[in-house]
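Participant: Please see the structure below; I have some questions.
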Amino acid sequence: MAQSNGTDVRLMKGNEALAEAALRAGMQAYFGYPITPQSEVMEYLTMHAPEHPGVVILQAESELAAINMVYGAAGAGARVMISSSSPGISLMQEGLSYMTSAQLPALVVNVQRGGPGLGTIQPSQGDYFQAVKGGGHGDYRLIVLAPASVQEMVDFVFDAFRLTEKYRNPAMILADGALGQMMEKVALPPVGSLPRSAAPWATVGKPATRERNIVTSLFIQPERMEQINLQLQAKYRTLEKEEVRCEQLQMEDADFALVAFGLTSRICQKAMELARQKGIRVGLIRPITLYPFPSAVIRKAAGQVEAFVTVEMNAGQMVEDVRLAVDGTRPVHFTGRMGGMIPTPEEILAKIEAVVAEPSLQHA
Amino acid sequence: MKEPDVIEGMEVVYRKPQTLTATPMHYCPGCSHGVVHKILMEVVDEMGIQDKTVGVAPVGCSVFAYDYMNVDMQEAAHGRASAVATGIRRVLPDTYVFAYQGDGDLAAIGTGETVHTVNRGENILMVFINNGIYGMTGGQMAPTSLLGMKTSTSPYGREAAVNGYPLRITELLAQLPGAYYVTRQSVHTTAAVRKCKKAIEASFRYQTEKRGTCFIEVVANCPSGWKMTPNEANDWLEKNMFPYYPIGDIKAPKQ
Ligand SMILES: Cc1ncc(C[n+]2csc(CCOP(=O)(O)OP(=O)(O)O)c2C)c(N)n1
Ligand code: SF4
């Protein structure tokens with residue numbers, strides 16, 4: 001259904017909505033390799049590419065080749081996307097390390113599945129550490145956005161392209177198999193709504209009027225390599241200052257805070273409702289940018305709530321960042337499921353009730 | 001101070017190509033890399049395509065190729081030059097793109113990318129420097145090291161039963177329909193340099209026809225890795241490398 005402002009409203013699967021968003025966002029090239037639960041991204045793109053002349057969609061022989069094609073295309077100044085799921089993202093870590101050092105923009109989508117190893121094709125958040133702590137070798141970060149709805153699978157494509165190009169650092173959309181597969185109503189922005197700023201550093205052929213452009217991650221002199229590292233760190237400090245995004249629900253009167261991202265944040269909303277029906281005042285903090293992490297919001301909440309409960313579909317990864325932010329001033333608990341299992345609102349409620357009942361929280 | 005272009009009373013009959021920078025090369029004396037860099041850039045100069053050329057450097061001794069070649073360049077991860085070149089060429093379809101790789105880079109760690117790049121018939125030039133050894137890391141065995149060849153990781157000589165056979169990847173690639181022009185050259189004599197340059201020229205021209213991948217293997221020396229003087233290395237090359245890696249076109253377009 002087309003709206004007067006050029007927006008289309010449709011019922012779409014997360015993976016397909018993301019692919020459509022990428023085309024509308026002016027993506028110029030996509031490289032990928034099939035893997036469940038995100039194969040619909042490349043399927044959708046190959047099907048709809050003819051509607052967008054000039055857009056390159058290429059199925060590579062591996063994720064390793066694909067990420068290096070992304071390196072080449074991004075270095076040549078194109079707006080590029082790559083998508084995969086956990087095992088494939090592991091294969092890309094070398095390339096991502098090189099791309100952060102060479103300061104190349106690109107959008108990487110991880111529709112996570114349960115691991116480790118070949119694991120399962122069911123949804124997971126087990127790649128949090130890999131996504132937000134670097135993942136490959138060396139001191140670097142990815143800009144990481146965690147959608148919690150099909151609408152955000154669309155919106156974050158635009159946000160991530162904007163951020164990756166502004167900071168010349170790869171950005172990642174960290175979704176999961178459920179977000180990729182579920183259908184929801186989405187509003188799709190019009191084509192051409194995301195302008196591309198110039199990339200004077202790109203390798204497009206050297207005219208007589210400028211020095212040659214070199215895209216490289218090799219800085220053999222340690223003094224120079226340290227300078228590059230300082231540049232990267234300065235960029236990360238700016239990101240931490242300017243680009244943190246976080247949603248807070250019912251935190252105004254909360255005595256307890258749930259902290260969850262992506263799909264689990266939606267399950268937490270239901271758990272929060274159940275807890276409030278029982279008279280426990282629970283609020284929810286949902287980090288939207290996982291890197292930069294909303295540490296300040298959590299630190300501030302520590303002055304208000306009695307305890308935190310972090311909920312994740314993993315063994316407890318983001319909880320470490322919550323603990324760092326809280327810095328020992330309040331208890332930080334964890335509950336979660338692993339290996340492709342999704343926690344239920346009742347399980348989360350049971351954890352909240354156990355925390356409420358802890359002797360350390362019983363005031364004299 | 002700008003150097004005088006011409007010494008008074010003398011005529012310029014030969015000069016460094018404009019597309020080579022003034023940076024002194026770090027290659028060992030007699031090494032093939034420098035010669036191949038020079039003829040590659042001479043072709044770019046003579047064809048007047050500096051503003052339409054993008055190169056990809058490998059990981060290996062020629063990792064700093066972009067310090068010497070005055071064209072836009074990208075430095076790829078070890079083995080991934082042809083994937084990087086694919087990415088460039090796909091988004092810049094009217095650009096001349098070349099990837100420059102050693103044997104460890106192209107025929108060991110990057111074999112998958114190499115085979116699939118050629119199989120897709122990417123319209124790029126792949127220059128493959130086969131010196132039968134890992135030069136940069138200090139002379140370890142390469143996939144192309146000859147049987148019996150002593151290297152730092154085959155100190156008693158390469159043994160087929162342990163290390164397999166020297167890989168003739170160029171013959172393998174020539175089988176692929178995506179390969180348009182596949183040739184094996186060398187640069188150890190003036191005549192060989194001229195022939196190799198012709199092959200490079202032809203490959204750049206073929207790129208505009210968009211008919212598939214051009215692949216030039218250069219059977220090269222590595223005096224340091226082989227522990228020989230440059231002259232000894234060139235003799236050894238003729239005697240030992242050529243019988244296993246015969247020079248000439250393997251797949252040439254019908255004229
Ligand atoms: C992933 C990775 N593994 C290993 C290396 C170390 N390494 C650097 S160059 C090289 C081999 C180079 O040999 P070759 O490609 O034959 O080029 P040459 O130096 O002989 O020109 C290796 C193994 C690396 N840089 N990256
Ligand atoms: S080590 Fe070998 S390949 Fe490397 S520069 Fe020296 S001679 Fe050339």
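The values are calculated or read from the model by the stated rules, or taken from the named source; none is laboratory data. This structure is a prediction, so every number in the text was calculated from the model and none was measured. Every residue, glycine as well, gets a Cβ built from its backbone with ideal geometry; the counts of neighbours run over all protein chains shown.
Participant: Could you identify the single residue in B:Val13, B:Val43, B:Val36 that is modelled with pLDDT under 95 and more than 13 Å from chain A (Cβ to nearest Cβ)?
Facilitator: Exactly one residue qualifies, and that residue is B:Val13.
Participant: Determine whether the range A:42-56 contains at least one residue that is surrounded by 24 or more Cβ atoms within 10 Å (Cβ to Cβ), within 13 Å of another protein chain (Cβ to nearest Cβ) and either more than 23 Å from B:Ala83 (Cα to Cα) or of a type in the set (Gly, Ala, Ser) (or both).
Facilitator: Within the range A:42-56, not a single residue is surrounded by 24 or more Cβ atoms within 10 Å (Cβ to Cβ), within 13 Å of another protein chain (Cβ to nearest Cβ) and either more than 23 Å from B:Ala83 (Cα to Cα) or of a type in the set (Gly, Ala, Ser) (or both).
Participant: Kindly indicate the residue of the range B:216-255 that is within 24 Å of B:Ile124 (Cα to Cα) and touching a helix residue (DSSP H, G or I) at 6+ places or on another chain (Cβ under 6 Å) and also nearest to ligand 2 (Cβ to nearest atom) among those meeting that condition.
Facilitator: Per the stated criteria, the residue is B:Ala220.
Participant: Here is a further query. Can you tell me which residue is nearest to A:Met69 (Cα to Cα) among those in the range B:95-140 that are buried (at least 24 other Cβ atoms within 10 Å of the Cβ) and of a type in the set (Val, Ile, Thr)?
Facilitator: Restricting to residues being buried (at least 24 other Cβ atoms within 10 Å of the Cβ) and of a type in the set (Val, Ile, Thr), the top hit is B:Thr117.
Participant: Okay, next question. For the range A:1-109, list the strands (runs of 3 or more DSSP E) that sit wholly inside it and hold at least 2 residues that are free of Cβ contacts under 8 Å to residues at least 60 places away in the same chain and either closer than 28 Å to A:Leu218 by Cα or of a type in the set (A, V, I, L, M, F, W, C) (or both); which are they?
Facilitator: A:29-32, A:56-59, A:80-84
To keep it simple, each residue is scored yes or no on (1) in the same structural domain as A:Tyr128 (by TED's automatic domain parsing); (2) over 12 Å from A:Val108 (Cα atoms); (3) at pLDDT 95 or above.
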site: A:Thr7; (1), (2), (3): yes, yes, no
site: A:Gly14; (1), (2), (3): yes, yes, yes
site: A:Ala25; (1), (2), (3): yes, yes, yes
site: A:Tyr30; (1), (2), (3): yes, no, yes
site: A:Ile35; (1), (2), (3): yes, yes, yes
site: A:Leu45; (1), (2), (3): yes, yes, yes
site: A:Leu58; (1), (2), (3): yes, yes, yes
site: A:Leu64; (1), (2), (3): yes, yes, yes
site: A:Met69; (1), (2), (3): yes, yes, yes
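Participant: Restricting attention to the range B:75-87, does a residue exist that is in contact with a Phe, Trp or Tyr (Cβ under 9 Å, 6 or more places away or on another chain), free of Cβ contacts under 8 Å to residues at least 12 places away in the same chain and more than 16 Å from ligand 1 (Cβ to nearest atom)?
Facilitator: There is at least one residue in the range B:75-87 that is in contact with a Phe, Trp or Tyr (Cβ under 9 Å, 6 or more places away or on another chain), free of Cβ contacts under 8 Å to residues at least 12 places away in the same chain and more than 16 Å from ligand 1 (Cβ to nearest atom).
Participant: Something else: What residue, among those in the range B:12-42 that are over 14 Å from the mean Cα position of the chain (by Cα) and closer than 21 Å to B:Leu125 by Cα, is nearest to ligand 2 (Cβ to nearest atom)?
Facilitator: Going through the qualifying residues, I end up with B:Leu20.
Condition check ((1) in contact with a Ser or Thr (Cβ under 8 Å, 6 or more places away or on another chain); (2) buried (at least 22 other Cβ atoms within 10 Å of the Cβ); (3) within 14 Å of chain B (Cβ to nearest Cβ); (4) basic (Lys, Arg)) across all residues:
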residue	(1), (2), (3), (4)
A:Ala76	yes, yes, yes, no
A:Met81	no, yes, yes, no
A:Gly119	yes, no, no, no
A:Gln125	yes, yes, no, no
A:Val132	no, yes, no, no
A:Met153	no, yes, no, no
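Participant: Something else now. Which ones in the range B:72-94 are more than 7 Å from chain A (Cβ to nearest Cβ) and surrounded by fewer than 24 Cβ atoms within 10 Å (Cβ to Cβ)?
Facilitator: Selection gives B:His78, B:Pro93, B:Asp94.
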